[in-house]
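Chemist: Here you go, one structure.
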Amino acid sequence: MIKKIFVWIGYAIVSLFFLFPVLWVFSLSLKTKAELFEYPPTLIPKSPTFDNFRNVFQNTSMWRYLFNSFELVVFTVLGTLLVAIPAGYAFSRFRFKNKQKYLFLVLVFQMISPVIIGIPIYKYYASLGLINNYFGLVMVYIAVQIPFTTFLIKGGFDAIPKEFDEAARIDGATRFQLLRKIIIPVSLPSIASATIFTSINAWSQFLLPFILIDKEKMFPVSVGILLTQGNYQEISTHFVAAASVISLVPAVLMVIFLQKFIIKSLTAGALKG
Amino acid sequence: MKSGKLLERWWIWLIPMVAILGIFYLYPLLNVFFLSFTNSEIGRNDFVFTFSKYVNVFTNDELWHVLKVTFLFVGFSVVFQLILGLFTAMLINQNQFGATFVKVSMISAWVVPGIITGVVWKIMYSSSNWGVINYFVKLLGFDSIPFLYTPGWALFSVTLANIWRGTGFSGIMQYAALRAIPEQLYEAASIDGANSWQKFWKITLPQLKPMLLINVILITIYTFNTYDSVYALTRGGPGNSTTVLSLITYKSVFKYLDLGTGSVYAILMIGLSATFTIIYSRLMKKEN
């Protein structure tokens with residue numbers, strides 16, 4: 001019993017450590033300006049109000065940013081799956097020379113920061129007129145996502161016994177039919193986790209839109225919030241807090257609902273490389 | 001029928017991936033390499049080939065300063081994410097009521113976009129009344145701390161925010177590894193009369209070692225590539241005190257418009273990332 005109590009105290013400390021910053025901005029986002037300046041500050045707002053959220057939606061392009069991020073996420077997920085599924089299939093089901101080396105090469109790309117590829121890409125895009133172009137931006141997002149997603153999907157495909165394939169092949173199915181009718185449906189969980197991770201990453205992506213987009217109406221949330229932080233004065237921290245809450249809610253909701261999934265695929269991905 | 005035949009070839013399936021990685025990774029990488037030997041600038045088309053950017057970067061004190069900052073930022077982040085991650089992993093592995101809640105809170109911190117992490121912590125570090133950390137500092141009887149405004153404190157502050165963000169990931173990984181340790185090992189040790197402390201040092205840690213090593217490399221790479229939370233917190237300042245390697249790379253190109261120098265820094269980043277990756281793959285091979 002004593003051990004249990006210690007564990008619970010540990011749970012309380014750890015959760016508080018992780019949740020406190022989020023709770024604190026949430027609390028600020030519900031405070032009035034007068035209460036913002038009160039000392040000592042309290043975690044529970046005395047007269048909670050949604051006015052700050054209203055202000056953010058009225059005075060910044062927050063709706064626009066959210067919609068832009070959403071659009072970028074959707075196209076990135078679709079594009080990434082379209083590329084990573086066939087690649088994962090090839091790595092899972094074909095035997096060919098130097099396969100391990102190619103896989104390693106894909107892994108190497110994952111380790112390279114977008115800052116590095118952002119430099120030349122900015123240069124080409126500027127000369128090709130692709131600055132402020134979502135197609136161009138999504139292509140880079142997809143490229144950034146491909147390595148991890150390919151590994152994740154290959155892992156899912158590897159878990160399907162090869163006998164499935166053989167049975168279907170004897171029945172005369174082409175590889176394409178096999179993939180569409182058997183492999184993809186059976187490995188939907190790994191495709192779902194690929195979707196989750198790609199969405200979270202695309203939502204967080206900052207540097208690429210920061211350098212490749214300079215039209216304010218086209219900013220995703222990550223860049224928009226920086227602008228919001230800069231435009232509001234220090235004394236409007238309650239508005240910045242509201243804007244932060246708006247931009248972190250989608251990711252946090254995803255975690256709450258898909259917690260099991262995320263943990264499982266995080267660990268599976270890491271263990272298999 | 002023809003297309004059926006074509007689909008029997010493995011490389012057909014890889015074409016989309018190779019095309020995209022080729023255009024958006026390989027070609028840019030070669031280009032960065034090329035640019036690092038030029039004096040190119042943003043907004044100017046002519047350039048000459050030169051080694052001078054390398055010479056400038058390597059003879060300038062700025063590089064050593066940036067490497068020191070990067071080393072401290074990455075080093076402290078990795079050590080604390082690892083230790084705190086192990087601690088939380090062992091706690092949730094007790095599987096008491098509430099463990100799921102702890103897991104959710106850990107991953108929540110991890111999925112908060114880096115930029116928002118920076119914005120949120122900047123609010124908490126403030127010296128104004130809403131700066132909750134300074135509220136606690138004052139409660140303990142100290143003067144309010146200029147968390148983001150003196151070089152030493154600023155580096156501490158960006159590192160702490162990064163530890164907060166990354167510990168969840170590290171903890172979840174180690175939790176998975178803990179669960180994979182066979183229960184029999186502990187039972188056998190209990191029969192031999194080992195206490196919890198001995199079990200931790202003789203069973204848990206050795207069994208966990210492979211995952212800890214993998215974790216070290218992964219966290220090192222992630223932290224090394226981090227720029228967004230630092231950017232939102234301090235923009236690399238005051239002065240250059242929180243300018244890590246990825247930030248100076250960004251600044252050289254997009255603030256000072258110096259493509260050549262930025263590319264030299266980028267090459268340096270590639271070299272370091274490559275080293276980490278090779279270590280990582282060696283560890284993976286050993287595991288399999």
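The values are calculated or read from the model by the stated rules, or taken from the named source; none is laboratory data. Quantities reported herein were computed from a predicted structural model and do not represent experimental measurements. Quick reminder, even Gly has a Cβ in these numbers, built from the backbone with ideal geometry, and neighbours come from all protein chains shown.
Chemist: Based on what the data block shows, is A:Ile146 at pLDDT 85 or above, within 26 Å of B:Ile248 (Cβ to Cβ), out of contact with any Asp or Glu (no Cβ under 9 Å at 6 or more places or on another chain) and not polar (S, T, N, Q)? Before the answer, list the steps.
Modeler: Working: at pLDDT 85 or above: yes; within 26 Å of B:Ile248 (Cβ to Cβ): no; out of contact with any Asp or Glu (no Cβ under 9 Å at 6 or more places or on another chain): yes; not polar (S, T, N, Q): yes.
The answer is no for A:Ile146.
Chemist: Continuing with the same structure: With B:Ile116, B:Ile172, B:Ile123, B:Ile145 as the choices, which residue is in a loop (DSSP other than H, G, I, E, B) and not hydroxyl-bearing (Ser, Thr, Tyr)?
Modeler: Details: B:Ile116 fails: in a loop (DSSP other than H, G, I, E, B); B:Ile172 fails: in a loop (DSSP other than H, G, I, E, B); B:Ile123 fails: in a loop (DSSP other than H, G, I, E, B).
On inspection, the qualifying residue turns out to be B:Ile145.
Chemist: Among all residue pairs at least 6 apart or on different chains, which show Cβ distances below 9 Å where the first residue, located in segment A:122-134, is more than 9 Å from every other protein chain (Cβ to nearest Cβ) and surrounded by 14 or more Cβ atoms within 10 Å (Cβ to Cβ) and the second is assigned to a loop (DSSP other than H, G, I, E, B) and not β-branched (Val, Ile, Thr)?
Modeler: Pairs that qualify, where the first residue is more than 9 Å from every other protein chain (Cβ to nearest Cβ) and surrounded by 14 or more Cβ atoms within 10 Å (Cβ to Cβ) and the partner is assigned to a loop (DSSP other than H, G, I, E, B) and not β-branched (Val, Ile, Thr), are A:Tyr125/A:Asn133; A:Ile131/A:Asp214; A:Ile131/A:Lys215; A:Asn132/A:Asp214; A:Asn132/A:Lys215.
Chemist: Let me ask you something else. Quick check on segment A:135-152: of everything there that is more than 10 Å from every other protein chain (Cβ to nearest Cβ) and aromatic (Phe, Trp, Tyr), which residue is surrounded by the fewest Cβ atoms within 10 Å (Cβ to Cβ)?
Modeler: A:Phe135
Chemist: Quick one: count up the residues across segment B:187-236 that are more than 14 Å from chain A (Cβ to nearest Cβ), surrounded by fewer than 15 Cβ atoms within 10 Å (Cβ to Cβ) and hydroxyl-bearing (Ser, Thr, Tyr).
Modeler: 1
Chemist: Could you grab me the full set of residues in segment B:242-267 that are surrounded by 19 or more Cβ atoms within 10 Å (Cβ to Cβ) and either β-branched (Val, Ile, Thr) or more than 10 Å from chain A (Cβ to nearest Cβ) (or both)?
Modeler: Within segment B:242-267, B:Thr242, B:Thr243, B:Val244, B:Ile248, B:Thr249, B:Lys251, B:Val253, B:Asp258, B:Gly260, B:Thr261, B:Val264, B:Ile267 qualify.
Chemist: Now a separate question. Report yes if some residue within segment B:51-64 is surrounded by 15 or more Cβ atoms within 10 Å (Cβ to Cβ), touching a residue at least 24 places away in the same chain (Cβ under 8 Å) and within 12 Å of chain A (Cβ to nearest Cβ); otherwise report no.
Modeler: no
For every residue, the table says whether it meets (1) within 27 Å of B:Arg165 (Cα to Cα); (2) touching a Ser or Thr at 6+ places or on another chain (Cβ under 7 Å); (3) touching a residue at least 24 places away in the same chain (Cβ under 8 Å).
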position	(1), (2), (3)
A:Leu36	yes, yes, yes
A:Pro41	yes, no, no
A:Asp51	no, no, no
A:Asn55	no, no, yes
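Chemist: Then there's this: Within segment B:28-39, can one find any residue that is surrounded by 15 or more Cβ atoms within 10 Å (Cβ to Cβ), free of Cβ contacts under 8 Å to residues at least 60 places away in the same chain and either of a type in the set (A, V, I, L, M) or at the interface with chain A (Cβ under 8 Å from one of its Cβ atoms) (or both)?
Modeler: Looking for residues that are surrounded by 15 or more Cβ atoms within 10 Å (Cβ to Cβ), free of Cβ contacts under 8 Å to residues at least 60 places away in the same chain and either of a type in the set (A, V, I, L, M) or at the interface with chain A (Cβ under 8 Å from one of its Cβ atoms) (or both), one finds at least one in segment B:28-39, hence yes.
Chemist: Within segment A:1-49, take every residue that is aromatic (Phe, Trp, Tyr) and under 22 Å from B:Leu86 (Cα atoms) and give me the one that is farthest from the chain's Cα centre (by Cα).
Modeler: At the first step, the residues of segment A:1-49 found to be aromatic (Phe, Trp, Tyr) are A:6, A:8, A:11, A:17-18, A:20, A:24, A:26, A:37, A:39.
Next cut, under 22 Å from B:Leu86 (Cα atoms) only: A:6, A:8, A:11, A:17-18, A:20.
Working: A:Phe6: 35, A:Trp8: 31, A:Tyr11: 27, A:Phe17: 22, A:Phe18: 19, A:Phe20: 22 Å.
Across segment A:1-49, the extreme among qualifying residues is A:Phe6.
Chemist: Kindly indicate whether any position in segment B:18-38 is more than 25 Å from B:Leu208 (Cβ to Cβ), in contact with a strand residue (DSSP E or B) (Cβ under 9 Å, 6 or more places away or on another chain) and in a loop (DSSP other than H, G, I, E, B).
Modeler: Checked segment B:18-38: at least one residue is more than 25 Å from B:Leu208 (Cβ to Cβ), in contact with a strand residue (DSSP E or B) (Cβ under 9 Å, 6 or more places away or on another chain) and in a loop (DSSP other than H, G, I, E, B).
Chemist: While we're here: Condition first: surrounded by 11 or more Cβ atoms within 10 Å (Cβ to Cβ), in contact (Cβ under 8 Å) with a residue 60 or more places away in the chain and over 15 Å from B:Gln96 (Cα atoms). Can you find one or more residues in segment A:8-16 that meet it?
Modeler: Just the residues of segment A:8-16 that are surrounded by 11 or more Cβ atoms within 10 Å (Cβ to Cβ), to begin with: A:8-16.
Adding the requirement that they be in contact (Cβ under 8 Å) with a residue 60 or more places away in the chain leaves none.
For segment A:8-16, residues surrounded by 11 or more Cβ atoms within 10 Å (Cβ to Cβ), in contact (Cβ under 8 Å) with a residue 60 or more places away in the chain and over 15 Å from B:Gln96 (Cα atoms): absent.
Chemist: Hey, can you tell me all the residues within segment B:98-126 that are over 20 Å from A:Phe261 (Cα atoms) and aromatic (Phe, Trp, Tyr)? Explain how you work it out, then say what you get.
Modeler: Just the residues of segment B:98-126 that are over 20 Å from A:Phe261 (Cα atoms), to begin with: B:114-126.
Once the filter is applied, which keeps residues that are over 20 Å from A:Phe261 (Cα atoms) and aromatic (Phe, Trp, Tyr), segment B:98-126 yields B:Trp121, B:Tyr125.
Chemist: Checking A:Phe37 against (1) exposed (fewer than 13 other Cβ atoms within 10 Å of the Cβ); (2) of a type in the set (Phe, Trp, Tyr); (3) at pLDDT below 90, which single condition isn't satisfied?
Modeler: Status for A:Phe37: all satisfied but (1).
Chemist: Is it the case that B:Gly85 is within 30 Å of A:Ser222 (Cβ to Cβ), at the interface with chain A (Cβ under 8 Å from one of its Cβ atoms), touching a residue at least 24 places away in the same chain (Cβ under 8 Å) and surrounded by 15 or more Cβ atoms within 10 Å (Cβ to Cβ)? Working first, answer last.
Modeler: Working: within 30 Å of A:Ser222 (Cβ to Cβ): yes; at the interface with chain A (Cβ under 8 Å from one of its Cβ atoms): no; touching a residue at least 24 places away in the same chain (Cβ under 8 Å): yes; surrounded by 15 or more Cβ atoms within 10 Å (Cβ to Cβ): yes.
Spelling it out, it is not the case that B:Gly85 is within 30 Å of A:Ser222 (Cβ to Cβ), at the interface with chain A (Cβ under 8 Å from one of its Cβ atoms), touching a residue at least 24 places away in the same chain (Cβ under 8 Å) and surrounded by 15 or more Cβ atoms within 10 Å (Cβ to Cβ).
Chemist: Any idea which of A:Phe96, A:Phe91 is under 24 Å from A:Ala159 (Cα atoms) and surrounded by fewer than 16 Cβ atoms within 10 Å (Cβ to Cβ)?
Modeler: On the way: A:Phe91 fails: surrounded by fewer than 16 Cβ atoms within 10 Å (Cβ to Cβ).
Answer to the check: A:Phe96.
Chemist: Would you call A:Ile182 touching a helix residue (DSSP H, G or I) at 6+ places or on another chain (Cβ under 8 Å), touching a residue at least 40 places away in the same chain (Cβ under 8 Å) and among the hydrophobic types (A, V, I, L, M, F, W, C)? Outline the logic, then answer.
Modeler: Values: touching a helix residue (DSSP H, G or I) at 6+ places or on another chain (Cβ under 8 Å): yes; touching a residue at least 40 places away in the same chain (Cβ under 8 Å): no; among the hydrophobic types (A, V, I, L, M, F, W, C): yes.
It is false that A:Ile182 is touching a helix residue (DSSP H, G or I) at 6+ places or on another chain (Cβ under 8 Å), touching a residue at least 40 places away in the same chain (Cβ under 8 Å) and among the hydrophobic types (A, V, I, L, M, F, W, C).
Chemist: Taking the conditions exactly as written (within 14 Å of another protein chain (Cβ to nearest Cβ), of a type in the set (Gly, Ala, Ser) and farther than 23 Å from B:Lys285 by Cα), does B:Ala161 satisfy them or not?
Modeler: Values: within 14 Å of another protein chain (Cβ to nearest Cβ): yes; of a type in the set (Gly, Ala, Ser): yes; farther than 23 Å from B:Lys285 by Cα: yes.
Here the answer is yes, as B:Ala161 does meet what is asked.
Chemist: Sticking with this structure for a sec: Any chance segment A:153-163 includes a residue that's in a helix (DSSP H, G or I), within 14 Å of another protein chain (Cβ to nearest Cβ) and aromatic (Phe, Trp, Tyr)? Even if it seems obvious, please write down each step before you answer.
Modeler: Taking segment A:153-163 first, the residues in a helix (DSSP H, G or I) are A:153-158, A:162-163.
When the remaining residues are screened for being within 14 Å of another protein chain (Cβ to nearest Cβ), the result is A:153-155, A:157-158.
Next cut, aromatic (Phe, Trp, Tyr) only: A:157.
Scanning segment A:153-163 turns up at least one residue that is in a helix (DSSP H, G or I), within 14 Å of another protein chain (Cβ to nearest Cβ) and aromatic (Phe, Trp, Tyr).
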